[in-house]
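Input: a single structure, listed below in structure tokens.
The values are calculated or read from the model by the stated rules, or taken from the named source; none is laboratory data. Note that the structure is predicted; figures quoted are calculated from it, not measured. Each accessible area value is taken on the protein alone, full model and side chains, heavy atoms only, with ligands, DNA and RNA left out. Shrake-Rupley method; radii C 1.70, N 1.55, O 1.52, S 1.80 Å.
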Amino acid sequence: MTRTFQAIIWDFGGVFTSSPFEAFNRYEAAAGLPVDFIRTVNSVNPLENAWAKLEQSHVDADGFDELFRIEANALGHDVRGRDILGLLSGNLRPSVVHALKVCKTKGKVGCITNNAPIGKGASMTQDDAKAKEIAAVFDQFDHLIESSKLGIRKPDPRIYALMCEALDVDPKACVYLDDLGINLKPARDMGMATIKVTGEEQLITDLEALTGYALR
């Protein structure tokens, strides 16, 4: 039996767009780096490292470039942070955008994105056409929280509470989707139903099963 939900709350990168991890792996292969090296750098000291500072606007692109390079060198490889910034903006997944439109007819929709103060708008892309396309998706949310503007980032529990407050919903009546397990735990602890996104088709299948919505 499916539950009745007041809101569907979404992550953005790796959910509405192709995962930056895919771009990271392509970069690693081309540069002769170990697989998942970039994710390894970002997972060391995850609350205070270069990545964390960037997503809270504690450093700009130049600061990230320097700090990330220091962290990468400490793990044995020289990688510029600026190279990584160019890999962050993926391509939209049309079926997920359609699912958002359906969910919006059923209740409230929100987005919590850990992003950086780079590029054109929340999407972090340098491409005008892509920025416009992604901005049209952001415009559909009833409320949007960007870590780079708020100054706190997932998995800080406060960011999920702020979304529920803004939407005026009970966390126990929400679904939260994210491609990172570490970001799902605080939502789950608040009582939200959670979906870990590993791909486009899996997302649609799991959200349909949980909500009973026809998303295709």
Original post:
Is the shape of region 1-63 rounded, prolate or oblate, going by the alpha carbon gyration tensor and its root eigenvalues a ≥ b ≥ c, with a/c under 1.5 for rounded and a/b larger than b/c for prolate?
Top reply: oblate
Subject >> Rounded if a/c under 1.5, otherwise prolate or oblate - region 51-136, Cα gyration tensor axes >> reply: prolate
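Round to a whole number: what % of the accessible area of region 43-128 belongs to carbon and sulfur, probe 1.4 Å? Don't jump to the answer; show the numbers that get you there.
Working: 2030 of 4080 Å².
Carbon-and-sulfur percentage of accessible area, whole number: 50.
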**OP:** Divide by every residue of the chain the summed helix terms, -39500 (n - 2.57) for each DSSP H run of at least 4, and state the resulting mean residue ellipticity at 222 nm, rounded to the nearest 500 deg cm²/dmol.
**Re:** -14000 deg cm²/dmol
**OP:** Could you tell me what percent of the DSSP beta bridges with both partners in the chain are antiparallel, to the nearest 5?
**Re:** 5
Original post:
In angstroms, what radius of gyration and Dmax does the chain have, counting Cα atoms only?
Top reply: 17.2, 52
Subject >> Relative intensity, log₁₀ I(q)/I(0), of region 30-74 from a Debye sum that treats every alpha carbon as a point, q = 0.32 Å⁻¹ >> reply: -1.18
**OP:** Hand me the tally of lysine pairs in region 108-216: alpha carbons under 24 angstrom apart, and the pair either on different chains or 8 or more positions apart.
**Re:** 19
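How much accessible area per residue does the chain have, in Å², with a 1.4 Å probe? Present the calculation step by step, with values, prior to reporting the outcome.
On the way: 10110 Å² over 216 residues.
Accessible surface, normalised per residue, equals 47 Å².
Rounded, prolate or oblate: which fits region 66-114 when a ≥ b ≥ c are the square roots of the eigenvalues of the alpha-carbon gyration tensor, with rounded for a/c under 1.5 and prolate only if a/b beats b/c? Show your work: numbers first, answer last.
Details: a/c = 5.14, a/b = 3.16, b/c = 1.62.
Cα axes put region 66-114 in the prolate bin.
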